[in-house]
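As structure tokens, the structure follows; a few thoughts come after it.
The values are calculated or read from the model by the stated rules, or taken from the named source; none is laboratory data. Please read all numbers here as calculations on a predicted model, not as lab measurements. Note that we place each Cβ from the backbone using ideal geometry, even for glycine, and neighbour counts take in every protein chain shown. Keep in mind that these areas ignore ligands, DNA and RNA; they rest on the heavy atoms of the full protein, side chains included. Shrake-Rupley method; radii C 1.70, N 1.55, O 1.52, S 1.80 Å.
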Amino acid sequence: MNIFYNQKTLGDVLLVQVTTDRPKETEIDSVNDITLIKDESSKEVVAFNVFNASKYVEINGNGQIETTEEIVGKLNEALKSNGVELELDVDLSPKFVVGYVIEKEKHPNADKLSVCTVDVGNEKLQIVCGAPNVDKGQKVVVAKVGAVMPSGMVIRDAELRGIASSGMICSARELNLPDAPAEKGILVLREDSRIGEPFNI
């Protein structure tokens with residue numbers, strides 16, 4: 001789940017992205033201060049907006065708001081008090097983590113892409129990567145599905161040239177790190193970096 005707030009641009013409205021899925025068609029259902037955005041075919045709630053948000057949640061800052069257990073609790077209270085039958089069950093694990101490239105294979109359908117198996121601590125992910133310097137045995141920064149990049153791009157499960165990819169191996173530029181090199185390539189971390197540990201950007 002991702003939460004966004006920009007009072008100057010949108011007013012006192014909290015934008016909540018429940019899932020990274022992008023439905024072909026959506027429908028809108030408004031109940032008091034809550035506007036639900038649903039997948040038209042499945043009726044699943046993919047996002048919702050909370051109007052008069054400061055009445056329900058204490059918000060500090062603009063842009064992406066950190067998803068915490070406290071905020072999830074407040075959002076569940078807001079949904080319930082507005083008569084919305086939706087309870088949020090949120091994965092609060094970090095979305096930017098240290099990964100270890102276990103395997104790297106050539107993509108069968110694209111010369112410049114590699115198919116990597118990456119250990120992120122509690123699971124192994126298959127990630128398609130286009131960086132020329134990615135290699136087996138590296139410690140890297142992985143943006144997991146649901147992560148929001150500094151550019152605003154949301155990481156989703158994808159299929160690249162016919163191969164499934166769950167997450168992204170990041171470059172310093174993509175992470176908006178200071179003094180990031182101009183040349184293309186992923187950020188390779190020190191060998192003593194701990195697999196699965198959060199990487200703060």
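Couple of notes before you dig in:
- Degrees between helix 69-81 axis and first principal axis of the chain (Cα, 0 to 90, nearest 10): 30 degrees
- Per-residue SASA entry for D135, accessible area with 1.4 Å probe, Å² rounded to 10: 80 Å²
- For peptides 54-60, 183-189, sequence by mean Cβ density within 10 Å, most packed first: 183-189, 54-60
- Residue with peak Gaussian network fluctuation, the chain [Cα springs, cutoff 10 Å], from R156, R22, R173: R22
- Treating r as the C-beta distance of K8 and M153 and R0 as 25 Å, the FRET efficiency rounds to 0.70.
- Dipole of the chain computed with +1 at Lys/Arg Cβ and -1 at Asp/Glu Cβ about the Cα centre; of V90, V46, A182, farthest Cα towards the positive end is A182.
- Charge tally in the Cβ shell below 14 Å around H107, where Lys, Arg are +1 and Asp, Glu are -1, H107 excluded: 0
- Heavy-atom accessible area for S166, with the other protein chains in place and a 1.4 Å probe, reaches approximately 40 Å².
- Normalised by the number of residues in the chain, the mean separation of alpha-carbon contacts (under 8 Å, six or more apart) gives a relative contact order of 17 percent.
- For the chain, with +1 on Lys and Arg beta carbons and -1 on Asp and Glu, the positive-most of P108, L75, T26 along the dipole: P108
- Taking the Cα centre of region 138-201 as origin and assigning +1 to Lys and Arg Cβ atoms and -1 to Asp and Glu Cβ atoms, the resulting dipole is close to 100 debye.
- Alpha carbon centroid spacing (whole Å) that separates region 1-73 from region 77-119: 20 Å
- Cβ-placed point charges (K, R +1; D, E -1), dipole of the chain about Cα centre in debye, nearest 20: 700 debye
- Ellipticity estimate at 222 nm from DSSP helix runs (n ≥ 4, -39,500 (n - 2.57)) divided over the chain, nearest 500: -2500 deg cm²/dmol
- Debye log10 I(q)/I(0) at q = 0.12, 0.15, 0.17, 0.19 Å⁻¹ for the chain, Cα point scatterers: -0.70, -0.98, -1.13, -1.26
- Gyration tensor (alpha-carbon) shape descriptor, region 16-124, a/c threshold 1.5: prolate
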